[in-house]
Amino acid sequence: MRLYSNRLDIRALLRNSLLIFLTWVGHSLLSASELPSPVNKLISSSCLDCHDAETETRLDFSKLNFQLADTENFRTWVQVYDQIDSGAMPPKKKSRPDPELRKRALRSLENELKARSRAQQARFGRAGWRRLTNLEFENTLHELLSITTPIQNLLPSESTAGFNSSIANQEISAPHIQGYLKATDRAIDSAIALQKSRRPRVVTVNYPKSRYMKIWHDKPYSRGGDNTRPLEDAVVAFKRTDFIWRTDRNGFKAKLPGRYRVTGVVRAYQARSTVSFLLYKANGGQQSQPSFLKAFDLEPNQARTIELTVELDKDEYLLPSFSNLLPQPDGRSLFQVGAKEYLGEGIAVRTLTIKGPLRESKSSIIADLARNDFDSKTIELPKIMSLLKPFMTEALRRPLKPSDLDLIKELVVDQLESGKPATEIILSAMRNILTSPQFLYFVSDPGRLDNFALANRLSYFLWKSPPDVTLRDEAEVGQLNVVGNLREQVDRLIDSPRFRLFVRDFAAQWLRLQDIDATTPDDVLYPEYNDVLRQAMLDETVYYLEYLFRENLDVTYLIDADFTFLNRELASQYNLTGVKGQHMRRHPLPKFNPRGGLLAQAAIHKVTANGTATSPVRRGNFVLSQLLGIPSPPPPPEAGTLEPDIRGATTVRERLEAHRQQPSCNRCHQFIDPPGFALESFDPIGRFRFKYRQLPVRGKSNRFVLGPAVDSSGVTSSGTSFKGFKEFKVALLGKEKETGRILRNLTEQLVVYATGTEIQFADRDRISEIVETIRSQNGGLRNLLHLIIQSKLFTHR
């Protein structure tokens with residue numbers, strides 16, 4: 001069914017989006033103002049030697065006017081202020097400016113910048129109207145229609161520069177609107193189909209009795225067979241062979257999108273150690289790129305019933321897989337012996353039982369559309385509007401205005417007069433609602449947010465989804481803005497399982513975990529890397545951050561801790577013993593173990609390396625920009641690049657030392673290289689190392705060799721020496737206690753993520769107040785969320 005009105009005014013949506021942009025830009029540019037006298041004197045005495053028309057720096061003061069109404073000009077003067085305030089300019093090798101002149105210049109420039117920024121906020125509000133992110137759009141339709149159908153893939157990709165909630169990264173165009181229409185069509189059609197389905201279907205894939213499975217038992221190894229051993233009550237797998245075990249060939253694939261409950265009966269076979277049963281999902285020809293679902297460990301002789309609930313799209317199927325299987329005790333392989341006589345480790349699979357889709361419908365309008373034949377009788381305007389009004393109220397997440405109803409009423413009247421069927425009219429109106437600016441944007445007036453706007457901002461911040469009944473009730477009675485009530489609701493949201501959605505999304509963007517699949521580790525250099533380890537890497541960081549927020553631990557735990565979160569797969573990677581099972585759990589770290597803190601986590605090492613080698617530059621930049629909030633400027637054109645040497649002719653430190661001989665490069669590398677050198681202790685998949693792995697120059701090409709020793713020593717930009725990663729963490733911890741730089745950056749990142757607006761000059765005082773309050777009270781990250789949410793940065797637009 002693809003029924004939506006031709007009256008959907010795409011031009012209106014584009015026009016609204018343009019108005020949103022224009023209100024943020026302003027109405028006109030002002031004429032140039034006079035540069036404050038102390039600033040002029042400071043520049044003349046200390047800056048013009050390097051920053052005039054005769055030098056090749058990026059800044060020329062002889063051409064820079066003082067026109068703060070111009071956005072780029074304002075941004076340039078902010079950079080000038082920050083460079084002088086931090087002491088970076090003038091450079092240390094230059095003569096120092098008069099301290100009193102410097103102080104007066106900074107004060108006068110700060111006052112000018114602050115006044116301009118505050119005037120902009122007073123006129124237009126601090127934040128513009130931000131749009132639902134793709135994740136928020138999908139979650140909202142899922143909540144509204146009681147579905148799990150994936151629809152993000154129908155929307156244009158989002159910017160990866162900064163947070164995708166940032167207004168600066170949110171464009172709207174014809175492809176976006178077409179994507180919203182397609183996604184809405186799919187969501188509504190899925191909801192109706194799910195509602196029309198009767199009780200959940202139950203399918204049992206019985207592998208011993210599967211005709212498809214029997215085909216492969218006697219086929220030769222060269223033709224894909226001889227990998228399995230049939231037993232009376234199960235089939236044994238000795239290796240991963242997806243084409244044999246895929247459930248669509250053995251009796252099941254999803255007929256409808258939704259949640260499915262999966263139960264499997266498996267046991268370890270001939271196992272001498274822990275073996276792992278894995279479950280994936282795939283669709284059609286994507287067998288080679290399946291999505292990992294979960295892993296289950298089996299101890300020797302252990303039989304187990306595995307259970308999980310999965311979300312499947314239409315035509316998706318399950319893909320059992322097998323891992324950690326050792327060969328025969330004599331080392332001979334399955335190929336050499338054959339499945340009938342093979343004594344290596346295996347996993348016996350009896351059945352997979354799949355029940356679903358499981359219905360959890362709460363949408364009355366969808367239930368009405370599925371149950372009633374509206375087209376067999378005459379339905380008038382009042383009946384249609386009575387169906388649409390509650391749906392529209394929930395969709396727009398606030399009380400309806402007369403103008404909201406007038407637009408839909410006009411559409412319904414026109415289509416009734418044209419003789420269209422009632423079902424088509426209702427569906428058309430629903431699609432108009434779900435693609436309207438009122439639905440897609442967080443619309444509010446400048447100033448304090450009303451209770452419903454605050455409920456929206458709060459819920460989409462901490463849950464990535466619409467407000468629940470409790471939040472809506474608080475907004476309805478006008479009590480959410482009361483400080484005590486707001487604090488109570490924030491605690492409730494943090495303590496909910498949904499809070500993990502925020503942590504996962506925030507960490508994916510702040511720490512670039514979304515880039516974990518940007519490169520694939522070389523399977524010769526890093527054979528340990530697999531899907532189970534990849535997921536454990538991501539989960540470690542998410543579970544760890546979630547614990548810090550919930551337990552109100554302070555920001556120093558981002559740098560170091562005596563615990564982490566891991567499963568057996570990740571514990572093996574970290575050389576930790578005594579951890580069984582694939583579930584994540586909090587685990588103490590031995591005193592002299594290098595782990596502890598974000599920078600010791602494998603996910604960070606993976607996203608800051610390529611598939612073969614590590615780069616101190618890339619990792620150092622990560623520490624500066626993501627953790628400290630001090631991004632380095634782009635390299636000068638003459639800098640060149642550092643190519644990885646995977647055969648070990650030179651070490652990365654040797655190549656970098658040569659690179660730093662250029663003065664223009666050394667200015668930034670004095671800050672970049674120290675954290676990058678410290679992180680050389682970890683390879684591209686997060687293993688602690690003493691020597692680099694290399695591909696062999698000669699001999700067998702399917703095995704790595706050990707090369708030069710790793711040197712993770714260095715000297716910080718402030719002059720502190722460290723012999724390795726643990727000493728670097730000590731230095732970083734001391735610097736944080738002195739400056740609060742990481743706390744300030746985290747505060748700024750959370751504010752930008754929550755409001756969709758970059759930190760403006762007028763916001764700096766409020767950020768400083770939050771940071772100083774946390775530091776003076778030894779507060780933790782839960783306190784930090786409370787202070788941000790109670791500040792005007794959050795409660796006002």
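Before moving on, here are some points about what is shown:
- Tensor-based shape of segment 121-166 (alpha-carbon gyration tensor, a/c under 1.5 rounded, otherwise prolate or oblate): oblate
- Over segment 575-615, the alpha carbon radius of gyration divided by the compact-protein estimate 2.2 N^0.38 Å works out to 1.41.
- Shape of segment 190-274, Cα gyration tensor, a/c cut at 1.5: prolate
- Among the DSSP helices (H) of the chain, those spanning at least 15 angstrom by Cα along their long axis with an average Kyte-Doolittle hydropathy of 1.0 or more are 10-25, 422-434; this is a geometric and hydropathy rule only.
- Here the dipole of segment 671-797 is about 720 debye; that uses its Cα centre as origin and unit charges on the Cβ of Lys and Arg (positive) and Asp and Glu (negative).
- Lys pairs under 23 Å by Cα in segment 660-797, provided they are eight or more residues apart or on distinct chains: 9
- Pairwise alpha-carbon distances in segment 519-565 exceed 18 Å for 43% of all pairs.
- Cross-link partners of LYS41 among lysines (Cα-Cα below 28 Å; sequence separation of 8 or more within a chain): LYS63, LYS92, LYS93, LYS94, LYS103, LYS114
- Along its three principal directions, the equivalent ellipsoid of the chain from the Cα gyration tensor extends over semi-axes of 47, 43, 22 Å, largest first.
- Over segment 700-797, the Kirkwood radius and the radius of gyration, each from Cα atoms, give a ratio Rg/Rh of 1.21.
- Calculated FRET value between ASN783 and GLU380, using beta carbons and R₀ = 51 Å, to 0.05: 0.35
- Of HIS583, HIS176, the residue with the largest accessible area leads and the full order is HIS583, HIS176 (1.4 Å probe).
- Computed E for PHE124/GLU476 - FRET, C-beta separation, R0 30 angstrom, nearest 0.05: 0.55
- Cα-derived Rg over Rh, computed across segment 684-744 with Rh taken as Kirkwood radius: 1.20
- Estimated purely from DSSP H runs of n ≥ 4, each contributing -39500 (n - 2.57), the mean residue ellipticity at 222 nm for the chain is -13000 deg cm²/dmol once divided by its residues.
- Considering segment 370-497 at the alpha-carbon level, its Rg and Dmax are found to be 17.7, 54 Å.
- Net length available on complete extension from SER86 to SER62 is 6.4 nm, with 0.36 nm assigned per residue and the Cα-Cα distance removed.
- Farthest towards the positive end of the charge dipole of the chain, among the residues PHE124, ILE151, GLN790, is the Cα of ILE151, using unit charges on the Cβ of Lys, Arg, Asp and Glu.
- Approximate spin-label separation ARG96-ASN206, in nm, with each point projected 7 Å along Cα-to-Cβ: 8.7
- Only Lys, Arg, Asp and Glu carry charge here, each on its Cβ (+1 for the first two, -1 for the last two); on that basis the chain has a dipole of about 1740 debye about its Cα centre.
- Signed unit charges on C-beta, dipole axis of the chain, positive-most listed residue SER768, MET584, GLY724: MET584
- Full-stretch length increase - SER496, THR773 - with 0.36 nm per residue and alpha-carbon distance subtracted: 97.1 nm
- Accessible surface ranking for MET89, MET430, 1.4 angstrom probe, highest first: MET89, MET430.
- Calculated P(r) tail over 23 Å for segment 296-413, as whole % of Cα pairs: 63
- Listed cross-link partners LYS196/LYS383; LYS281/LYS314; LYS580/LYS606; LYS314/LYS355 are compared with a 18 Å cut-off, the Cα-Cα value being larger for LYS196/LYS383; LYS580/LYS606.
- Calculated FRET value between ALA709 and LYS314, using beta carbons and R₀ = 41 Å, to 0.05: 0.15
- Sorted largest first by accessible area at a 1.4 angstrom probe radius, with every protein chain in place, the residues ARG186, ARG350 fall in the order ARG350, ARG186.
- The value given for segment 468-624 is a Kirkwood hydrodynamic radius of 17.5 Å, derived from the mean inverse Cα-Cα separation.
- Size of electric dipole in segment 372-470: Cβ of Lys, Arg +1 and of Asp, Glu -1, about Cα centre, debye, nearest 20: 400
- Partner aspartates and glutamates for LYS182 [C-alpha distance under 13 Å; skip if fewer than 8 residues away on the same chain]: GLU138
- The largest-to-smallest principal axis extents of the Cα set in segment 60-124 are 43, 24, 16 Å.
- Segment ASN610-SER157, extension gain: residue separation times 0.36 nm, minus the distance between their alpha carbons: 160.8 nm
The values are calculated or read from the model by the stated rules, or taken from the named source; none is laboratory data. Bear in mind that the values here come from a model prediction, so they are computed numbers and not experimental data. Note that we place each Cβ from the backbone using ideal geometry, even for glycine, and neighbour counts take in every protein chain shown. Side chains are part of the model used for accessible areas, which takes the heavy atoms of the whole protein and leaves out ligands, DNA and RNA. Shrake-Rupley method; radii C 1.70, N 1.55, O 1.52, S 1.80 Å.
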